[in-house]
Amino acid sequence: MAAAARRAASLLPLLLSSPSRARLPHRQALTLTPPLLRPHRLYSRSPKPSSSAAFSASASASNGAPAGRARELHLYNTKSRRKELFQPRVPGGEVGMYVCGVTPYDDSHIGHARAYVAFDVLYRYLRYSDHKVRYVRNFTDIDDKIIARANQLGEDPFSLSKRYSDDFLSDMANLHCLPPSVEPRVSDHIDQIINMIKQILHNGCAYAIGGDVYFSVENFPEYGELSGRKLDDNRAGERVAVDERKKNPADFALWKSAKDGEPCWDSPWGPGRPGWHIECSAMSAHYLGHSFDIHGGGEDLIFPHHENEIAQSRAACCDSSINYWIHNGFVNVNSQKMSKSLGNFVTIRKVTELYHPLALRMFLLGTHYRSLINYTIEQLNVASDRLYYTYQTLQDCEESCQQHQSKAGDPLPVNTTNCIQKLHDEFETSMSDDLHTSVALAAISEPLKVMNDLLHTRKGKKQEKRLESLSAMEEKIRMVLSVLGLLPSSYYEALQQLREKALIRASMTEEQVLQKIEERTSARKAKQYEKSDEIRKELAAVGLALMDGPDGTTWRPSVPLSEQGVVAST
């Protein structure tokens, strides 16, 4: 699988860049669409969540793949530093998954997108594998950063965090991240947090001083087991300056005494608010119990946040345990670490002003979730181009098969069943091996090529049971896209949206493009081929490819001409 992953990673840019040269039939100019945010489903034709049972039943009925459960899932566990077979704590019961959410004081960035798309895929694949999942993702709606930003803007902290929380949820919906089962906020769980702090104090792992409560790391011998750090190497786990009253610089705040003008709650130690780390321990225990299956977040949370969570939770309840700690890798921008100080801080909203949200999702899934991902406009263009090609192929297939009803029980050609079986096997093999989404994406390339042959080539149109084969392959690809979160509610609408974004990037209107096409057509009729080529290159330079067909010339989004050489060399 490691070799397959490396091969997929090396081939994916080429696979993504090739569709712009595919022959596609003439299509009427597509109109602009309503806003991108709309309800979405796991399937475009069925509201039921995906599962291996549904996938296999469909395979057995329509495309020859054998029925059966999905392959056993293996996940990399940060705590053990190796891949492990995923076995739910309660066999046949509900899987508990907690993922650390955002601190909503600003627009969410592509690092957030990377994390929550990764865990959305895990959520979807667990459900695909017939697991019931209780997915909890929190909001840290009171924090030093929120208070500082609210003071800067002259806004109430809770009003500010609510506004950015709502924007985050909108971003997640646009990226097709399914809503978690529960989305708790710190401010609604102060009682649970205070009760956990009381228990930690009672068990001798914390101390109160001047209205503050600190966790004592020296009283928890296992501190450092997740990150592998020794106690002497640890920095303070605070987001603010170190308090000299602490017994050990690594001790961290469970409760912070109130400062003038800050939100606060009454507690046995005086008015104040929770520290950063205690909230997740209290809320995960409240919704999932002290022991559950999966805890996830970005690699940056391993220390101090998740290390401190383990210490707090175990200090409050000695039987507390989490079986799998899952972390996604960092995001670089043009090979540099993303940060506001470097001026390369990229928000989700900034990206989706110019690109379809699912183009961003496809880009993110093109790299394994634990690997460093390098964000570049060139690779985002490649992902957008690939997305358009995929949806165009599936839309053409849907249109061709719309009026056709296959006879139940009719066998498909062997080459069709083999193609579908190969996709099924590669998809499940890659996803069950620690969610290798890049390999799963590469696996749909061959079926898409076969479908285009059946749709548009003279030889393909003569194939036996052509429409039945198209329908079966579209069904299988649709199921794969569903699990990856790349299935739109309508191929047609998604294509419209991709075209709309391409026009925005090109700083052109549909009417201007059509005028250029008319000018080129006139030049060709007048045998002014140099002018004709100039118009084609002019549009190609801004990412608009002209497609000549028997019914005339149309256009589609593409990788800008200047970037195609860069993509081909990667």
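The values are calculated or read from the model by the stated rules, or taken from the named source; none is laboratory data. It should be emphasised that the depicted structure is a prediction, and the values quoted were computed from it without experimental measurement. Cβ sites come from the backbone with ideal geometry, for glycine too, and all protein chains shown count toward neighbours. Only protein heavy atoms, including side chains, enter the accessible area calculation; ligands, DNA and RNA are left aside. Shrake-Rupley method; radii C 1.70, N 1.55, O 1.52, S 1.80 Å.
For Tyr375, nonlocal amide neighbours, meaning residues 5 or more places apart or on other chains whose placed amide H falls under 5 Å from its own, are Asn332, Val333, Asn334, Ser335. Computed from backbone phi with θ = phi - 60° and the Karplus coefficients 6.51, -1.76 and 1.60, the 3J(HN,Hα) list for region 467-484 is 5, 5, 5, 4, 4, 5, 5, 4, 4, 5, 5, 4, 5, 5, 4, 4, 5, 7 Hz; x is used for glycine and proline.
Distant-in-sequence amide contacts of Tyr76, defined by a placed amide H-H separation under 5 Å and a gap of 5 or more residues or a different chain, comprise Glu84.
Only sites in a loop by DSSP and with at most 10 other Cβ atoms within 10 Å count here; which trypsin sites (Lys or Arg not before Pro) in region 469-570 make the cut? Answer by residue number: Lys527. Rounded to the nearest Hz, the phi-derived 3J(HN,Hα) couplings of region 94-105 under the Karplus curve 6.51 cos²θ - 1.76 cosθ + 1.60 (θ = phi - 60°) are 7, 7, x, 9, 10, 10, 5, x, 8, 9, x, 10, where x marks glycine and proline. Note on Leu342/Lys259: beta-carbon distance plugged into 1/(1 + (r/R0)^6) with R0 of 41 Å gives a FRET efficiency of 0.85.
Positive end of the dipole of region 446-496 (Cβ unit charges, origin at the Cα centre): among Leu454, Leu484, Ser471, the Cα lying farthest that way belongs to Leu454. Note on Asp453 and Asp551: the extension gain reaches 33.4 nm, defined as 0.36 nm multiplied by sequence separation minus the Cα-Cα distance.
Can you list which of the trypsin sites (Lys or Arg not before Pro) found in region 242-286 are DSSP loop residues with at most 15 other C-beta atoms within 10 Å? Answer by residue number: Arg245, Lys247, Lys259. The 3J(HN,Hα) values that the Karplus relation (6.51, -1.76, 1.60; θ = phi - 60°) gives for region 503-508 are, in residue order, 5, 4, 5, 7, 6, 9 Hz. Gly and Pro appear as x.
Carbon-plus-sulfur accessible fraction, region 507-568 (probe radius 1.4 Å, protein heavy atoms only): 50%. When DSSP assigns beta bridges and you keep just the ones with both residues in region 253-398, what percent turn out antiparallel, to the nearest 5? Percent antiparallel among DSSP bridges in region 253-398 is about 40. The share of accessible area on region 74-351 that comes from carbon and sulfur is 46 percent, using a 1.4 angstrom probe.
In terms of the mean number of neighbouring beta-carbon atoms within 10 Å, the peptides 285-298, 331-344 order highest first as 285-298, 331-344. Just in region 340-415: which GluC sites (Glu not before Pro) are loop by DSSP and have at most 14 other Cβ atoms within 10 Å? Here the GluC sites (Glu not before Pro) that fit, given the DSSP loop and packing criteria, are Glu353.
Residues whose amide H lies under 5 Å from that of Arg370, counting only those 5 or more places away or on a different chain, are Gly329; hydrogens are built 1.01 Å from N in the peptide plane. For region 74-351, a crude dipole built from +1 on the beta carbon of Lys and Arg and -1 on the beta carbon of Asp and Glu, taken about the Cα centre, is about 700 debye to the nearest 20.
Relative to the current alpha-carbon distance between Lys527 and Lys422, full extension at 0.36 nm per residue lengthens the span by 33.0 nm.
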